[in-house]
Amino acid sequence: MTQALWIAKTGLDAQQTRMAVISNNLANTNTTGFKRDRAEFQDLLYQTVRQPGGASSEQTQLPTGLSTGTGVRVAATAKEFSQGSLAVTGGALDVGIDGRGFFEVLMPDGSTAYTRDGSFKRSPQGELVTSSGYPVQPGIQFPEGTQSVTISPDGTVTVKLQGQAEDVQVGALTLADFVNPAGLQAKGGNLYVETGASGPAQTGAPGTNGVGMLAQGQLEGSNVNVVEELVSMIETQRAYETNAKAISTTDSMLGFLNNNL
Amino acid sequence: MTDRALYIAMTGASASLKTQASVSHNLANADTVGFQATLGGTAAAPITGPGHASRVAAAAQTFGVSGAHGGIVNTGGTLDVALQSDRWLAVQDSQGGVAYTRAGNLQMTANGLLTSNGRPVIGADGAPLTVPPHQSLDIASDGTISIVPQGQPASTIAEAGRLRVVEARTADMVRGDDGLMRPANGQPPAPAAGESLVTGALENSNVEATSMLVQMIQTARAFEMQVRVLQSVDENARSANSLLSSR
């Protein structure tokens, strides 16, 4: 009897989830290397009460049936890995990725995480680390007396040492790519971890096998389009209102029934 | 006398509640990609039998799905396709059979399998479509997928398969319990020729929120009238009873 109420409730739930996704996108407008999420809706199963084409008598068939849908759900929040704009920061250890790929990060528990946030720092031990202090893989050690660092678009890291004329190569940055980056699990802290859906990481030098090039002195901004998010927000709010309207209308129908019989 | 009016008004009220459920379902799916509104309504169901043919009950019915075209939204996604009118994307259902959908928000699994809402998308050869590792991917307007294979220069374009897009009128399709469409006559629809989709765009739900709200109000009022009839019949019966019992 209250089927309509529950169906409209699924609509409210789904719009609420979408609003949370939009809020998270908007909150991360200025997060380095952030990739926006998109809530993907899917209609729920249908209940066939009367099958179309069923026999209505020995000779005749029902021309139409009755199957009621049971609402909607958010089936997935898909990350959109489109390129964010690269902004020049001038920092020697700021590295943006122009194209596909992720930096590999060694987590404290020994596992590997991936990030597009290239705002690197030098640790007290002279290692190249992320802003959270996790070492970038393959590890890059800056010798004592490092005056300046150059990171070339293909990942080669060279340093100029005090009192030496020639630059010294101290390592090379690599990029990891995935068949389905949308399948990565976001962990927060600008980090992603590999899942069964993303496929295994394929590591290679920047600029090979379709991964992007590096850009020293630049950082990738968030790919959130504020205008688009605000429009989605309005759309979500209106959709929420119509679902709420469906609940109140159904409620008043049942209220009318209860009060008059 | 009483039972006829009471039961017939009851079928109307119950059909109104069912209609309200389908209106709610449509409104809930106003943002579902490629969703097509359910056309719900009531049909006359004459009660046959001996006696004067005065009883016509109301039966809630589904008259299929709306064939209206949803709005096209540009997303820029390489795996987003919006289908043109009367075009359907073939996907594999949970039983391994072929079913059709207009949800063009395709995804790719780790093995390169293309899916729509988690269901494998079928290629022109009838098998689920798998795309080999690639640097870039492009879906042409006839469903041909071209890629630059991994490790190859950008000038190397390889064909990775073709989406099976078929042509059928919405009226000739039936929606199953899983929300997928299948041809009403059981015959596989003909493959679509030429331009049949737009890449980088999605088709929104074809639910018109305004007309749904109007239908919702209308259904609520109809329900109130049906309840009024129930109430009047009840009063009639009550007064008849009191007249009889006062004797």
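Read-outs throughout are calculated quantities, based only on the coordinates presented, and are distinct from any laboratory measurement. All values reported here derive from a predicted model rather than from experimental measurement. Here the Cβ is made from the backbone with ideal geometry for all residues, glycine too, and neighbour counts use every protein chain on show.
To the nearest 10 degrees, how steep is helix B:2-28 against the longest Cα principal axis of chain B, on a 0 to 90 scale?
The angle comes out near 20 degrees.
Within 10 Å of each residue's Cβ, count the other Cβ atoms and sort A:I151, A:I7, B:I8 from fewest upward.
On the way: A:I151 24, A:I7 29, B:I8 19.
Listed from fewest to most nearby Cβ atoms, that is B:I8, A:I151, A:I7.
For B:Q61, list long-range residues whose amide hydrogen, built 1.01 Å from N in the peptide plane, is under 5 Å from its own amide hydrogen.
Residues meeting the amide H criterion: B:G41, B:T42, B:A43.
Rounded to a whole number, what is D in µm²/s for region B:195-247 from Stokes-Einstein with the Kirkwood radius over alpha-carbon pairs (20 °C, 1.002 mPa s)?
In µm²/s, the coefficient rounds to 137.
Normalized C-alpha radius of gyration of the protein assembly as shown, against 2.2 N^0.38 Å?
Numbers: Rg = 29.9 Å, N = 508, 2.2 N^0.38 = 23.5 Å.
Compared with the compact-globule rule of thumb, the protein assembly as shown sits at 1.27.
I'd like the distance separating the alpha-carbon centroids of region B:1-66 and region B:231-247, in whole Å.
Here the answer is 30 Å between Cα centres.
Sort out for me the Cα centre separation of region A:226-256 from region B:108-125, rounded to whole Å.
33
List, in the order given, every pair from A:K121/A:K160; A:K9/A:K79; A:K79/A:K187 whose Cα-Cα distance in the structure shown is over 20 Å.
Working: A:K121/A:K160 17 Å; A:K9/A:K79 26 Å; A:K79/A:K187 13 Å.
The pairs that break the limit, which is 20 Å between Cα atoms, are A:K9/A:K79.
Kirkwood hydrodynamic radius of chain B from all distinct Cα pairs, in Å?
Answer for chain B: a Kirkwood hydrodynamic radius of 21.2 Å.
Pop a pseudo-label 7 angstrom from the Cα along the beta-carbon direction at both A:D98 and B:A43 and give the gap in nm to one decimal.
6.4
Distance between the C-alpha centers of region A:61-115 and region B:159-210? Whole Å please.
27
Taking θ = phi - 60°, what integer Hz values does the Karplus form 6.51 cos²θ - 1.76 cosθ + 1.60 yield along region B:133-147, in sequence order, with x for Gly and Pro?
x, 8, 8, 8, 9, 9, 9, 7, 5, 9, x, 6, 9, 10, 10
Determine by what factor the alpha-carbon radius of gyration of region A:117-261 differs from 2.2 N^0.38 Å, reporting the quotient.
Against the compact-globule rule of thumb, the ratio is 1.78.
Below 8 Å, C-alpha to C-alpha, sequence gap of six or more: please give me the relative contact order for region B:72-203 in percent.
33
Taking amide hydrogens as modeled 1.01 Å from N in the peptide plane, which residues meet the under 5 Å criterion relative to B:V174, leaving out close sequence neighbours?
Counting only residues 5 or more places away or on other chains, the set is B:R182, B:A184.
Over all residues in A:38-51, what is the mean tally of Cβ atoms on other chains that come within 10 Å of each residue's Cβ? Present the calculation step by step, with values, prior to reporting the outcome.
Numbers: counts 4, 1, 8, 12, 10, 15, 6, 4, 9, 2, 4, 4, 4, 1.
Partner Cβ neighbours, averaged per residue: 6.
Could you work out how far apart the two model spin labels at A:A20 and A:A172 are, taking each label as a point 7 Å from the Cα in the direction of the beta carbon, and quote it in nm?
That separation, rounded to one decimal, is 4.4 nm.
Measuring from the lowest to the highest alpha carbon on each principal axis, how far does region B:72-203 reach, largest first, in angstroms?
Rounded to whole Å, the extents work out to 48, 29, 23 Å.
Residue by residue, what Karplus-based ³J(HN,Hα) values in Hz, rounded to whole numbers, does region B:115-126 have, using 6.51, -1.76 and 1.60 with θ = phi - 60° and x for Gly and Pro?
Result, ordered by residue: 10, 10, 6, x, 9, x, 8, 8, x, 4, 7, x Hz.
Pairing the Cα long axis of helix B:209-246 with the longest principal axis of chain B, what angle in degrees results, from 0 to 90 and rounded to the nearest 10?
On a 0 to 90 degree scale, this one is about 20.
Where the eigenvalues come from the Cα gyration tensor of chain A, what are the semi-axes √(5λ) of the equivalent ellipsoid, largest first, in whole Å?
Numbers: eigenvalues 604, 81, 39 Å².
After diagonalising the Cα gyration tensor, the semi-axes are 55, 20, 14 Å.
Give the long-range amide H neighbours of A:G118: residues separated by 5 or more places, or on another chain, with amide H under 5 Å away, using H modelled in the peptide plane at 1.01 Å from N.
Sorted by chain and number, the residues that satisfy this are A:V95, A:E220.
Can you tell me the 0 to 90 degree angle between the C-alpha axis of helix A:226-260 and the longest principal axis of chain A, rounded to 10?
20
Residue by residue through A:242-253, how many Cβ atoms from other chains fall within 10 Å of the Cβ on average?
6
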